[in-house]
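Just below is one structure, and these are the notes that go with it.
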Amino acid sequence: MSANELLNLSQLIGTGLQDERCKIELARSSGDGFFWQLTGQPQGVGVWCRHADWQQMVETYSGLPEPSSLPDELLACVSAVLFEPAGEWLGELLEPTPTAMVLADDIYPLFTLEAYECAFLQVPVDLYQEMISQWSPFRGQDPLVELSLVAGYLEQSSGKVKLVQVSEGQWLKGDVKPEQGQSLLWWDRPLGAVSLDDIDVNGIVIEEMGYKLDFIYQPVIATLATIRLSLAQIGSMMEGDRLSGEINMFSQLQLMHDKIPVAIGKLLRGKGGLLVQIEQYC
């Protein structure tokens, strides 16, 4: 999921919502399982259930040990029972029989339907927002996300990275002063300007919010460090907040593109602003 999608969901779900028979939270999940396609939506939009949960569900309601043993008619019936705690709307929108699917490790909206865990994959929020708005909050998982502390960025005109030659320099955008402990807090895009906390060695102070930058092509970012923060921290942060995380300072300035290092550089302050000089390509 993109940073924007997770932030929007985090503000909606918080650390979790629940009613009598099901609950929803944002959490990491992955592994073997089964996938139900959402009808009328692009391929890959739907609901995933862990293999062990679906196998147990099938055995409980059919007496057969393996989902592959069931004819499609019975699979559709067991599927209806699985999704019934969420309400009729979910079962009616999903194709009745699932297909095997390996879920990539990521953070998803996880619905626990009684004892069974299901991940929503790109399911439009408006399909379930009204339902969960009536639920009560609970303290569920609060997954950690790795963000970057960035000295500035280099915009790109295509998906192929273009930088100057080794020993040459380029002006960075971003308007922060890393020599004074400032940086941009970056998660797919700049979320705000921060400074290192002079009290907490693993903390940052939010100095400015409201960055509205979106990029056609991912820029190259001049990365000073990374910090691990919880989704709840990110979703609720405000100017002046002190956030404690887990900071990993880099020994060298890393120029990163789409989370992949492309070059090593060093920062130089000039009259025109902040310059990054390329020292070597990765």
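Strands (runs of 3 or more DSSP E) wholly in region 12-128 with at least 2 residues that are aromatic (Phe, Trp, Tyr) - which ones? Don't jump to the end; show me each part of the working.
Working: elements: 22-37, 46-50, 99-113, 116-121.
The strands (runs of 3 or more DSSP E) meeting that bar are 22-37, 99-113, 116-121.
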Residues (under 29 Å from MET131 (Cα atoms) and buried (at least 18 other Cβ atoms within 10 Å of the Cβ)) located in region 56-84: MET57, VAL58, LEU75, VAL78, SER79, LEU82, PHE83
For region 257-269, which positions are in contact (Cβ under 8 Å) with a residue 24 or more places away in the chain and over 16 Å from VAL161 (Cα atoms)? LEU267, LEU268, ARG269
Filter region 147-163 down to the residues that are part of a strand (DSSP E or B) and not β-branched (Val, Ile, Thr), then identify the one that is farthest from LEU243 (Cα to Cα). LEU154
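Looking only at residues that are assigned to a strand (DSSP E or B) and out of contact with any strand residue (DSSP E or B) (no Cβ under 7 Å at 6 or more places or on another chain) in region 244-267, which one is nearest to GLN141 (Cα to Cα)? Steps first, please.
Narrowing region 244-267 to residues assigned to a strand (DSSP E or B): 244, 246-257, 260-267.
Right, trim to out of contact with any strand residue (DSSP E or B) (no Cβ under 7 Å at 6 or more places or on another chain) and you get 251, 260.
On the way: SER251: 33, ILE260: 28 Å.
Step by step, filter region 244-267, then rank; the result is ILE260.
Scan THR112, THR99 and give me the residue that is touching a residue at least 60 places away in the same chain (Cβ under 8 Å) and either over 17 Å from ILE132 (Cβ atoms) or among the aliphatic types (A, V, I, L, M) (or both).
Numbers: THR112 fails: either over 17 Å from ILE132 (Cβ atoms) or among the aliphatic types (A, V, I, L, M) (or both).
Every option except THR99 fails the conditions.
Return the residue satisfying two criteria in turn: it lies in region 225-243 and is part of a strand (DSSP E or B) and not hydroxyl-bearing (Ser, Thr, Tyr), and of such residues it is nearest to ASP198 (Cα to Cα). Full working, then the answer.
First, the residues of region 225-243 that are part of a strand (DSSP E or B): 225-230, 242-243.
Adding the requirement that they be not hydroxyl-bearing (Ser, Thr, Tyr) leaves 225, 227-229, 242-243.
Working: ALA225: 16, ILE227: 16, ARG228: 18, LEU229: 18, ARG242: 10, LEU243: 12 Å.
By that ranking, first place goes to ARG242.
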Take the conditions over 24 Å from the mean Cα position of the chain (by Cα), closer than 26 Å to GLY16 by Cβ and not β-branched (Val, Ile, Thr) and apply them to PRO65. Does it pass? no
Mind listing whichever residues of region 1-22 are free of Cβ contacts under 8 Å to residues at least 12 places away in the same chain and under 14 Å from the mean Cα position of the chain (by Cα)? GLU5
Filtered residues of region 240-269 (kept if of a type in the set (Asp, Glu) and surrounded by 13 or more Cβ atoms within 10 Å (Cβ to Cβ)): ASP241, ASP258
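Quick check on region 116-137: of everything there that is aliphatic (A, V, I, L, M) and in contact (Cβ under 8 Å) with a residue 60 or more places away in the chain, which residue is surrounded by the fewest Cβ atoms within 10 Å (Cβ to Cβ)? First the steps, then the outcome.
Keep residues of region 116-137 that are aliphatic (A, V, I, L, M), which gives 119, 121, 123, 125, 127, 131-132.
Filter once more, keeping what is in contact (Cβ under 8 Å) with a residue 60 or more places away in the chain: 119, 121, 123, 125, 132.
On the way: ALA119: 23, LEU121: 21, VAL123: 20, VAL125: 14, ILE132: 19.
Only one residue fits best here, namely VAL125.
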Going through (1) surrounded by 12 or more Cβ atoms within 10 Å (Cβ to Cβ); (2) farther than 23 Å from GLN280 by Cα one by one, VAL201 fails only at (1)
Odd one out for LEU26, checked against (1) at pLDDT below 90; (2) touching a Phe, Trp or Tyr at 6+ places or on another chain (Cβ under 9 Å); (3) buried (at least 20 other Cβ atoms within 10 Å of the Cβ); (4) under 24 Å from ASP188 (Cβ atoms): (1)
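Taking the condition over 30 Å from GLY16 (Cβ atoms), surrounded by fewer than 17 Cβ atoms within 10 Å (Cβ to Cβ), assigned by TED's automatic domain parsing to the domain that holds ILE206 and not aliphatic (A, V, I, L, M), does GLN277 pass? Don't jump to the end; show me each part of the working.
Details: over 30 Å from GLY16 (Cβ atoms): yes; surrounded by fewer than 17 Cβ atoms within 10 Å (Cβ to Cβ): yes; assigned by TED's automatic domain parsing to the domain that holds ILE206: yes; not aliphatic (A, V, I, L, M): yes.
Yes; evaluated as a whole, the condition is true for this residue.
The values are calculated or read from the model by the stated rules, or taken from the named source; none is laboratory data. Quick caveat: nothing in here was measured; it's all calculated off a predicted structure. Because the Cβ atoms are built from the backbone with ideal geometry, glycine has one as well, and the counts that use them run over all protein chains shown.
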